[in-house]
Structure formats: structure tokens, C-alpha cells
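Down below is the structure, laid out as C-alpha cells.
The values are calculated or read from the model by the stated rules, or taken from the named source; none is laboratory data. Here the structure is a predicted model, which is why all the values come from computation and not from measurement. Here the Cβ is made from the backbone with ideal geometry for all residues, glycine too, and neighbour counts use every protein chain on show.
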Amino acid sequence: MRLHRIRPALTLALATLLGAGLLTQLDPAAAAPADTYLVGRGIADVTGEPAERGMMGYAKLDQQTSGIHQRQRSRAFVVADSAGTQRIALVTVDVGQIFASVRQAVLKRLGQELGGAYTDANLAITATHTHSGPGGYSHYSLYNITTFGYHDDTFKAIVNGIVASVKQAHQDLAPGSVSLGKGELRDASVNRSRRAFDRNPAADKAYFPEGIDPRTTLLRFDRGGQPIGALNFFATHGTSLRGDHKLISGDNKGYASYHWERDVSGVDYLSGAPGFVAAFAQTSAGDMSPNLALKPGIGPTDDHIANTKIIGERQFAAAKRLLDNGGTAVAGSIGSRLSFVDLSNVTVDQRFTGDGQQHKTCGAAMGASFAAGSTEDGPGPDIFKEGVGNNPLIELVTKARYQASPELRACQSPKDILLDTGALGLTPKILPVQVLKIGQFYLATLAKETTIVAGLRLRQTVAAATGAPLENVLVSGYTNDYSGYLTTPEEYDQQDYEGGHTMFGRWALPAYQQEFARVAGDLKAGRATSPGPQVPDLSGSKWTVQPGVVMDAPPIGYKFGDTVTPPAAAYNRGQQVKVEFAGAHPNNNLHHGGSYLEVQRQEGDRWKRIADDGDWSTKLHWARWGIAASRVTVTWDVPASAQPGKYRIVYSGDAKALSTKITSFTGASPEFTVS
């Protein structure tokens, strides 16, 4: 029989089967689950101060913000049962870390504005862990040293944006459904701590034969059978951009979100409507690097900015496949439990230690290998080395200094203690242990950067306590607070960077397993969970040595907003437009919900915005020009899709007078053509 004769018969057969409901799995839209929940999504700007503020992540004094490549955003999803009585809020933020300072302020604001809808237990705020955002928003001194102290405007930007995204998701609640998709992604991460990983038992390593965790997991949120948002979980560090990068960026996960929302879904961030929201969250990324060549900013190419885009696109493509496949319908109750634990003083039962003996955690301390940094992503000073026995001078100092406290040295062994941050009050010790449930899906959150094997053991613990399949349990690090890394005891003994940054000693992971078993067991049994000790409010202990903007003055011969270096008369697609303006300090007004720049195309008698400072194609560079003047440089990489026509660049700034009055201004470049 010829092919042209088969087609009509096959078409008729398929139509008959579809009509009978026997082939609905071939049509993701037709297979969409019933509206069993209320779902809502929200997105808001959290971009901090774009100039002269230390960036959070690499701990480099000379890495201070000098402009914007892409804005930072908070993306929130709220899921409630059909009656709206039980709910959880999942918030993913383009920042390096979430600190207790931020969480406390967010909960206070949400309590004032939305009553008791969101609590310690049902709110999870997680960081993408970009290393290219401004810091200075913790109330613990260790995290503000390299940012020259606390910066209130950045703190408020983050808090205000998170609150706005949660409120938007709360107000967006409507009947909908949730689906769970699972897949693998193998070319967006590499194990940067392989010799520590190799110390783990064979049974653990068998889960990760390539030394990476390739799992990519997607929560798809639908209304009316159509997706309104997606929350993806995948383990890779936010370090595609190197430590010498000084423009604000969400790094590879920020690009993945942007690409899906803006390029694919056409979202206009300045419209005020959420549109399709795509969040890319971390799981156990402690030893997962995006730098595939195991060198800072290298892999798959030698260009760290290009790599940011590539690694982001790969995460997007894997997540989009999961969304298109429809996934498995999520059904069942919603629940949440959270308990605060003093991790410096946990007695760990022998059920969790693995050696048949009881052990205790320690007061927080950083090792010499912490100061060495991760050589694959962000190395520290050359005088410090990763690994046991590689820092003999620090070892001698440790032995001499801690003679008066042999217990701490013994508890932290084999760590060569560089700084006992716990005794000095530089880092937190009371930390959240949280378990969230949406139907058959469980999420265990903690304020740590967990390695993939540490994350596996936490997942196994929660799965055992709840009776859930292991594949339905995820770990979300970087959530609700921050306190360094979490390695397995075996990895800890290697004392590479991750082990040196595991603050509470060799038995920290078993301590977390014990506490997660308790909290997850309470959730499973419907019991109340002990809230634990209260997290201190350190808002009165803020300090800074970096002053704010004193005043702005235009350079001699120019007014604010004047074009200093004009564009060329004409450009082709693929070329870069560059314009310099007489500007003002951008920290005077962070332009949330707006933009410092617009690329505009003339349409008839009006100018239409086609790009702004949240777009990948644009960059805003700021630099001092003398003492009080600012040089603002705007670049635009003309995309291949740009329509021919007449264009201009518009810059909006805000100048501060000595009287502290701030005046807004706008400047437009000369026109140019694109062909």
C-alpha cells in the first residue's frame, strides 16, 4: 500500500481515538489537569544600587557596581487549596543570598499589608546566587566587610521587590492547576570539587556517575489549561560571570528567566502586568560550577558573557521541554512546617551519624581553605590553599590560638580554623529548617549551599519521613537565610573550599538530617512543629564606612542629559551603538518599575520603546567624571531582528543638589538609522 493511501485512514483512526478520549496524552493541552488549586504569579524589580557598591559573592574589594547589564527581579508563585485556607509562597530572587534581615522585613511588611496569610512556615524565599548583584544587605558583619558595610537603599530595593512580587501573586490567585515535570540536563554544570566528591561511599556516588546532578525539575502553573508560569530547579552556580564583572546581572539563571519571559513570551517588564513568569531556582549547587572548563568564566567558550547566555539558554531549553511535555498532574493537600535550630549546639543521634555513635555540632568557624576560595569559580589570595595540610602557617596559628579552646579545634578537625565567626557573632547560628508540600511534591529548604551528595542524603531523609518517592523530593538551598556550605562528613575531611566553608563542623549534615526528619515527620503526621529559638533582630547593629551621594554637577560645558559622544549616523544589524551622556549618580533613584535608558524607534510622529536597561542587548556603564560629574555610557547591540528605521537612545537620570534636593532629567541622543 502506498503512503498517500495510508494517510487518510490514519488520520480518521486518530480522530476516532481522540474523540473517544483514548489518545489525550498526545495533546499536552488536552491532558491538562483539572483546576484543583488556586494559583497566582508575580514579578517585581529588586535591582540594588548600580554604582560604587560592593558586589556580593566573590568577596573582592575592587568588584564594585558600575552600571547595569540586566535588572534583578523577584518572581513569586502562590499556591493555595481550592478554599484558600492552606497556601505556600515560593519566591525566587536574583540576588546572591537571602539573609534573615531581608526575610524578617518581608514578613513584617506582608503581615501589615496582607494580614496573616504568609508566615515563617509557608513562605520560602530563595536566591539564584548570582555573584553580580550589589551586597551590603545583611545584618551580620561578615557578609558586609567586602561591601564596606550595610547599604540601606539596596536592602530596601530587595525587600520592596519581594513584597511587591508576593502581593501581586496573592492578588492574582485564581483557579488553576500544577504539574510536575522531570528531566535531565548534562551540559550546564561540572563538579568543581571532585576529589572531595570521590571520598563519598560508592552507594552515594552511584547516583551521580558523571559527578554532577543532571536533574532538572519543573513546576508548571496553569489556568484554563494554559501555562501562566514555571518554576525550574537545577543545580549550577551563579558564577558564569567572573569576579572582575561590575555590571549588575542575574547571571545564567537571570538570563534563562529573561529569555523565556521576554524573548519567547513577549513580556514587557515595564507594563505592570506579570505575564508569563519563569523562575530558575537552585537545588544542591554547592559543588556544581557552570564554568565547564573548571576555570573562572571559561567553558563552553572563553567569553564569560557569552557563557552566561549559553548556560542560561541550556537551562531554559531543558525547562521548556518539560513544560511542553505537560508533566504529571500534582494533586493532594498543601502543607508547610518550619523550625528554627541552633546549629552550633545540636546533639546528633547515632541514627544519623553513620558511625554508630552520637556526635555534636560546633560553634561556627571558617577554615583556611575557605579563604582560598573556589579556584574554578572565584579563587582567593595565593597564600591560602585548598585541602588538608596545605596551609602549614594557619595550622600552627590554629594550634596556638585554640589551646584555650581545644574543644572547638577538636570539633572542627581536620579544619585549620582561620576565623571563629560564631564566637565573634559575625555569622548566624539559629537557622530555618523548612519542609513544604504541594500534593505529592515535597521541597526541603535550608540556608546552605549543599553539595550534590549532601542534598541527596537530605532528600532521602525527607522521603523516608514522609513516605514520598525520592524523585518527588527536592532540596532548595540558599533559602530564607545564609550560612555557608553543607558537605558530607567525608567531603568535610578533604577540606577543600566547600569543607572549609562548612561552618558547624563535620557533623553538620547529620544534624540537618535529624532536624529535617523531625520537621518532615511532623508535616506527615499533621502535628505542630516546635518553632525553636527566636532569630535575633540585628537591625540596630548596622554599620557602613561608605557615604552616599553628596551632590551631582554636570561637567563644564554640558547640562545634565547632554550627549557627549553621539552615535554614528547609521548601523547594520549586529553592530553596537554607543552613546555617552553627561549624567548623574544612578544611586539617587533606582528607577524601579522604570529604566535608566530606552532604545526607541520612530513610528510615524511618535517614538516607541523597543529596549530598556533590563534587556540583554543593552548595557549601562557609569563612571565618575572628575569629582561630582558622571559619565554615563549606553550601548545597544543591534539584534538581527531589528526593524529598519530611525532610532535614538534616551537616558533618564536624577541629579542631587548640595541641598539634597533631587531633580529628574532626560536626554536624547541624535537620531541614527538601522538597516
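Filter the helices (runs of 4 or more DSSP H) completely within the stretch 452-550 down to those with at least 1 residues that are more than 23 Å from the chain's Cα centre (by Cα). Before the answer, list the steps.
Values: elements: 452-466, 489-494, 497-500, 508-525.
In the stretch 452-550, 452-466, 489-494, 508-525 are the helices (runs of 4 or more DSSP H) which contain 1 or more residues that are more than 23 Å from the chain's Cα centre (by Cα).
When you go through Lys182, Lys167, Lys205, Lys156 one by one, which is the residue that is surrounded by fewer than 19 Cβ atoms within 10 Å (Cβ to Cβ), within 30 Å of Asp537 (Cα to Cα) and modelled with pLDDT of 95 or more?
Lys156
Conditions (1) assigned by TED's automatic domain parsing to the domain that holds Lys167; (2) out of contact with any helix residue (DSSP H, G or I) (no Cβ under 6 Å at 6 or more places or on another chain); (3) under 27 Å from Arg194 (Cα atoms), marked per residue:
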site: Ile228; (1), (2), (3): yes, yes, no
site: Ala235; (1), (2), (3): yes, yes, yes
site: Ile248; (1), (2), (3): yes, yes, no
site: Asp263; (1), (2), (3): yes, yes, no
site: Asp268; (1), (2), (3): yes, yes, no
site: Ala273; (1), (2), (3): yes, yes, no
site: Pro290; (1), (2), (3): yes, no, yes
site: Ile310; (1), (2), (3): yes, yes, yes
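Mind telling me which of the residues Ala306, Ala371, Ala317 ends up being outside the structural domain of Ala80 (by TED's automatic domain parsing) and either touching a helix residue (DSSP H, G or I) at 6+ places or on another chain (Cβ under 7 Å) or not in a loop (DSSP other than H, G, I, E, B) (or both)?
Working: Ala306 fails: outside the structural domain of Ala80 (by TED's automatic domain parsing); Ala317 fails: outside the structural domain of Ala80 (by TED's automatic domain parsing).
Exactly one residue qualifies, and that residue is Ala371.
Go through (1) β-branched (Val, Ile, Thr); (2) under 22 Å from Val388 (Cβ atoms); (3) out of contact with any Gly (no Cβ under 7 Å at 6 or more places or on another chain) and name the single condition Ile438 misses.
The single condition Ile438 does not satisfy is (2).
From the list Ser74, Ser101, exactly one residue is modelled with pLDDT of 95 or more and either assigned to a helix (DSSP H, G or I) or more than 29 Å from Ile311 (Cβ to Cβ) (or both). Which is it?
Answer to the check: Ser101.
Would you call Gly211 over 30 Å from Glu598 (Cβ atoms), in the same structural domain as Lys448 (by TED's automatic domain parsing) and at pLDDT below 95? I'd like the intermediate steps shown before the answer.
Details: over 30 Å from Glu598 (Cβ atoms): yes; in the same structural domain as Lys448 (by TED's automatic domain parsing): yes; at pLDDT below 95: no.
Against the criterion (over 30 Å from Glu598 (Cβ atoms), in the same structural domain as Lys448 (by TED's automatic domain parsing) and at pLDDT below 95), Gly211 does not qualify.
Would you pick out the residues in the stretch 204-229 that are among the hydroxyl-bearing types (Ser, Thr, Tyr) and in a loop (DSSP other than H, G, I, E, B)? Walk me through how you get there before you give the answer.
Of the stretch 204-229, the ones among the hydroxyl-bearing types (Ser, Thr, Tyr) are 207, 216-217.
Within the stretch 204-229, Tyr207 is the sole residue that qualifies.
If you go through the stretch 67-105, how many residues are without any contact (Cβ under 8 Å) to a residue 12 or more places away in the chain and not polar (S, T, N, Q)?
Of the residues in that region, 1 qualify.
Which condition number in (1) farther than 19 Å from Thr65 by Cβ; (2) buried (at least 18 other Cβ atoms within 10 Å of the Cβ); (3) of a type in the set (A, V, I, L, M, F, W, C) is the one that Leu620 fails?
Of (1) farther than 19 Å from Thr65 by Cβ; (2) buried (at least 18 other Cβ atoms within 10 Å of the Cβ); (3) of a type in the set (A, V, I, L, M, F, W, C), only one is false for Leu620: (1).
Rundown of residues vs (1) in contact with a His (Cβ under 9 Å, 6 or more places away or on another chain); (2) at pLDDT 95 or above; (3) not charged (D, E, K, R), yes/no style:
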{"position": "Ala256", "(1), (2), (3)": "no, yes, yes"}
{"position": "Arg262", "(1), (2), (3)": "no, yes, no"}
{"position": "Tyr269", "(1), (2), (3)": "no, yes, yes"}
{"position": "Gly272", "(1), (2), (3)": "no, no, yes"}
{"position": "Ala293", "(1), (2), (3)": "no, yes, yes"}
{"position": "Ala306", "(1), (2), (3)": "no, yes, yes"}
{"position": "Ile311", "(1), (2), (3)": "no, yes, yes"}
{"position": "Arg321", "(1), (2), (3)": "no, yes, no"}
{"position": "Thr328", "(1), (2), (3)": "no, yes, yes"}
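Limited to the stretch 77-89, what total is found for residues that are more than 18 Å from Gly275 (Cβ to Cβ) and at pLDDT 95 or above?
The number of residues fulfilling the criteria is 7.
State all residues of the stretch 182-203 that are of a type in the set (S, T, N, Q) and assigned to a strand (DSSP E or B); if no residue qualifies, say none.
Answer for the stretch 182-203, where residues must be of a type in the set (S, T, N, Q) and assigned to a strand (DSSP E or B): just Asn191.
From the list Val634, Val638, Val650, which one is under 30 Å from the mean Cα position of the chain (by Cα), under 13 Å from Gly561 (Cβ atoms) and not small (Gly, Ala, Ser)?
Working: Val638 fails: under 13 Å from Gly561 (Cβ atoms); Val650 fails: under 30 Å from the mean Cα position of the chain (by Cα).
Among Val634, Val638, Val650, only Val634 is under 30 Å from the mean Cα position of the chain (by Cα), under 13 Å from Gly561 (Cβ atoms) and not small (Gly, Ala, Ser).
In this structure, does Asn232 turn out to be closer than 29 Å to Asp377 by Cα and either within 24 Å of the chain's Cα centre (by Cα) or part of a loop (DSSP other than H, G, I, E, B) (or both)?
Details: closer than 29 Å to Asp377 by Cα: yes; either within 24 Å of the chain's Cα centre (by Cα) or part of a loop (DSSP other than H, G, I, E, B) (or both): yes.
Here the answer is yes, as Asn232 does meet what is asked.
Can you name the number of the only condition in (1) within 23 Å of Arg194 (Cα to Cα); (2) in contact with a Ser or Thr (Cβ under 9 Å, 6 or more places away or on another chain) that Ile298 fails?
(2) is the only condition that Ile298 fails.
Can you pull out every residue in the stretch 300-322 that is surrounded by fewer than 22 Cβ atoms within 10 Å (Cβ to Cβ) and within 18 Å of Arg262 (Cβ to Cβ)?
Hits for the stretch 300-322 are Ile305, Lys309, Ile310, Glu313, Ala317, Lys320.
Filter the stretch 267-288 down to the residues that are touching a residue at least 40 places away in the same chain (Cβ under 8 Å) and among the charged types (D, E, K, R) and list them by number.
Once the filter is applied, which keeps residues that are touching a residue at least 40 places away in the same chain (Cβ under 8 Å) and among the charged types (D, E, K, R), the stretch 267-288 yields only Asp287.
Against the conditions (1) assigned to a helix (DSSP H, G or I); (2) in contact (Cβ under 8 Å) with a residue 24 or more places away in the chain; (3) farther than 30 Å from Ala285 by Cβ, where does Ala553 fall short? Just the number, please.
The number of the failed condition is (1).
Can you find, within the stretch 458-491, the residue that is nearest to Thr421 (Cα to Cα) among those that are touching a residue at least 40 places away in the same chain (Cβ under 8 Å) and of a type in the set (Val, Ile, Thr)?
It comes out as Thr487.
Restricting to strands (runs of 3 or more DSSP E) lying wholly in the stretch 561-608: which have 3 or more residues that are out of contact with any Pro (no Cβ under 6 Å at 6 or more places or on another chain) and surrounded by 14 or more Cβ atoms within 10 Å (Cβ to Cβ)?
Result: 576-583, 597-603.
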